[in-house]
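Pasting in a structure now, in structure tokens, and then I'll have a few things to ask.
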Amino acid sequence: MPPQELATSIEYAAKVIAGSRHVVALVGAGLSAESGIPTFRGPDGLWTKHGEPDLRDYERFAADPKTWWEMRIERQGQLGEFVEALNSAIPNPGHLALSDMETGGWLQHTITQNIDNLHRLAGNQHITEIHGNRTLLRCIGCSRRWPLEEFPIDELPPHCPDCQGIVKGDTVMFGEPIPPDALDECVTQTRRCDCMLLVGTSAVVYPAAGFPIDVKRTGGTLIEINSNETPLTEMSDIVVRAPAGESLPLIVDALKALAKTA
Ligand code: NAD
Ligand code: ZN
């Protein structure tokens, strides 16, 4: 049994979700922490421990995509802590709960800042991966995407068969603009949204940081699900202060219980 305060916030969250028209989850790295993928920020974050990285990634890629691709291929054998964690991660109960919420009709869309592919593996269909997906490649000209294994790389840099644009990993680099199709979908979803779940995100990075503000401005409800306080806590209507892998399944249980009594 969760402590009383947590139980109350979970029950309250379930009632608001059940009574909302269009629920959107805005997800950050905290959701995947329980799958063994470290966050960047937060108390145990990689940047908190090791400092912030060089932010000129995209500038370097744009200046010399051939060298970027050569380095990507060369580095495949030398996996860092982060990539190793990504390679072995599987969805945790928090991801599965979001998938259950979508199937149950309680969650209409997920905007994720995660690149780890775990929402797709959990079964969610309605997702926007605002920072890309590490298992895909993307054309920087027309934003067409391909699974890594389906795109033959026979020249460096590879070019898009449709528009001849340069093809890169779908993951959005530091300094790279958010792909326009993803950004458009986020704007559409935020406009429709009357209840936003803020799951494992400190939401200090724009444009994601602006979505909850827009929802609040139009009278929507914000439900924060995070094990720590964040800059969003103060403007949230409900705060579920627990790891997402524990609290999201409890919210799903509460939604199912509400549906039975309805
Ligand atoms: P972030 O700013 O969203 O911070 C992580 C948040 O998760 C913190 O607020 C922390 O309190 C919270 N948190 C930690 N463990 C939690 C748990 N078990 N349950 C609920 N909340 C928890 O994200 P970031 O780490 O600063 O990353 C910045 C960007 O880097 C991300 O938006 C993403 O694009 C990328 N990133 C992706 C992954 C991934 O794909 N899994 C991992 C790290 C970083
Ligand atoms: Zn293209």
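Only the coordinates and a few stated rules stand behind these numbers; no lab work does. In this text the structure is predicted, and so the values were computed from the model without any measurement. Note that each Cβ is placed from the backbone with ideal geometry, even for glycine, and that neighbours are counted across all protein chains shown.
Taking region 1-67, which trypsin sites (Lys or Arg not before Pro) meet the DSSP loop condition and have no more than 13 other C-beta atoms within 10 Å? Working shown, then result.
Working: sites: Lys15, Arg21, Arg41, Lys49, Arg56, Arg60, Lys66; in loops: Arg21, Arg41, Arg56.
Filter output for region 1-67: Arg21, Arg56.
Under a cut-off of 27 Å between alpha-carbon atoms, report the lysines in cross-link reach of Lys216, not counting same-chain residues fewer than 8 places apart.
Lys15, Lys256
Ok, one more. Give me, ordered by chain and number, the residues 5 or more places off Arg144 or on other chains with an amide H under 5 Å from its own placed amide H.
Cys139
Assign one of three labels to region 1-64, namely rounded, prolate or oblate, based on the Cα gyration tensor with a ≥ b ≥ c the square roots of its eigenvalues; rounded applies when a/c is under 1.5, prolate when it is not and a/b is larger than b/c, and oblate otherwise.
Here region 1-64 falls in the oblate category.
Let me ask you something else. By count of other Cβ within 10 Å, fewest leading, how are His119, His95 ordered?
His119, His95
If you put +1 on each Lys and Arg Cβ and -1 on each Asp and Glu Cβ, how big is the dipole of the chain around its Cα centre, in Debye rounded to 20? Walk me through the intermediate numbers first.
Details: 22 positive and 35 negative charges, 117 e Å.
Result for the chain is approximately 560 debye, rounded to the nearest 20.
Taking 0.36 nm per intervening residue step and subtracting the Cα-Cα distance, what contour gain separates Lys260 from Leu183 on full extension?
This chain segment gains 24.0 nm when fully extended.
Which residue, Ala62, Gly219, Met235, has the largest displacement toward the positive end of the dipole of the chain when charges sit on each Cβ (Lys, Arg +1; Asp, Glu -1)?
Result: Gly219, furthest along the dipole toward the positive end.
Considering the options Cys139, Leu255, Val27, tell which one lies farthest towards the positive end of the dipole of the chain, charges being +1 on Lys and Arg and -1 on Asp and Glu at the Cβ, about the Cα centre.
Value: Leu255.
Separate question: List the GluC sites (Glu not before Pro) within region 163-262 that DSSP assigns to loop and that have no more than 14 neighbouring Cβ atoms inside 10 Å.
Glu229
A further question on this structure: Can you sort Leu197, Leu121 by how many other beta carbons sit within 10 Å, fewest first?
The order, fewest Cβ neighbours first, is Leu121, Leu197.
Students often forget the sequence filter, so: which lysines lie under 17 Å Cα-Cα from Lys66 once same-chain residues fewer than 8 apart are removed?
Answer for Lys66, where 17 Å is the Cα cut-off: Lys168, listed by chain and number.
For a quick check of your reading of the filter: which GluC sites (Glu not before Pro) in region 100-177 sit in a DSSP loop and have no more than 15 other Cβ atoms within 10 Å?
Glu155
Rounded, prolate or oblate for region 61-133? Axes are the square roots of the Cα gyration tensor eigenvalues, ordered a ≥ b ≥ c, and the cut-off for rounded is a/c under 1.5.
Note, shape of region 61-133 comes out oblate.
Report, by chain and number, residues whose modeled amide H sits under 5 Å from the one on Ile127, excluding near sequence neighbours (fewer than 5 apart, same chain).
Thr110
Follow-up question, since we're still on this one. Return Trp146, Trp106 ranked ascending by Cβ neighbour count within 10 Å, so the fewest neighbours appear first.
Ranked by crowding around the Cβ, least crowded first: Trp146, Trp106.
Considering only C-alpha atoms, what is the centroid distance from region 179-258 to region 1-60, in Å?
9
Which ³J(HN,Hα) values in Hz, rounded to whole numbers, follow from the phi angles of region 118-133 under the Karplus curve 6.51 cos²θ - 1.76 cosθ + 1.60, where θ = phi - 60° and Gly and Pro get x?
6, 5, 5, 5, 6, x, 5, 9, 9, 9, 10, 9, 5, 9, x, 9
A further question follows. How large is log10 I(q)/I(0) at q = 0.09 Å⁻¹ when the Debye formula is applied to the Cα atoms of region 109-262, each weighted equally and without solvent?
-0.36
Suppose we keep just the DSSP beta bridges with both residues in the chain; what percent of those would be antiparallel, to 5?
Among the beta bridges of the chain, antiparallel pairing accounts for roughly 25 percent.
Tell me the mean residue ellipticity at 222 nm calculated for the chain from its helices only (DSSP H runs of n ≥ 4, each -39500 (n - 2.57), averaged over every residue, nearest 500).
-11500 deg cm²/dmol
Same structure, new question: Between Glu155 and Asp54, what FRET efficiency follows from the Cβ-Cβ distance if R0 is 25 Å, with the result rounded to 0.05? All intermediate terms of the calculation are to be shown ahead of the outcome.
Working: r = 27 Å, r/R0 = 1.10.
For Glu155 and Asp54, the calculated efficiency is 0.35.
Also, quick follow-up: Please list, in order along region 86-101, the HN-Hα scalar couplings obtained from phi with the Karplus expression 6.51 cos²θ - 1.76 cosθ + 1.60 (θ = phi - 60°), rounded to whole Hz, x for Gly and Pro.
Residue by residue, region 86-101 yields 4, 5, 9, 6, 10, x, 9, x, x, 4, 5, 5, 5, 5, 4, 5 Hz.
Here's another thing I want to ask about it. Using the Cβ atoms and a cut-off under 10 Å, what net charge is assigned to the surroundings of His119, where Lys and Arg are +1 and Asp and Glu are -1?
-2
A further question follows. Got a sec to turn the phi values of region 205-216 into Karplus ³J(HN,Hα) couplings, 6.51 cos²θ - 1.76 cosθ + 1.60 with θ = phi - 60°, whole Hz, x for Gly and Pro?
Calculated HN-Hα couplings, in order: 9, 7, x, 3, 4, x, 4, x, 5, 5, 4, 4 Hz.
Under the rule of at least 5 residues apart or a separate chain, name every residue whose amide H is placed under 5 Å from the amide H of Leu107.
Counting only residues 5 or more places away or on other chains, the set is Glu102.
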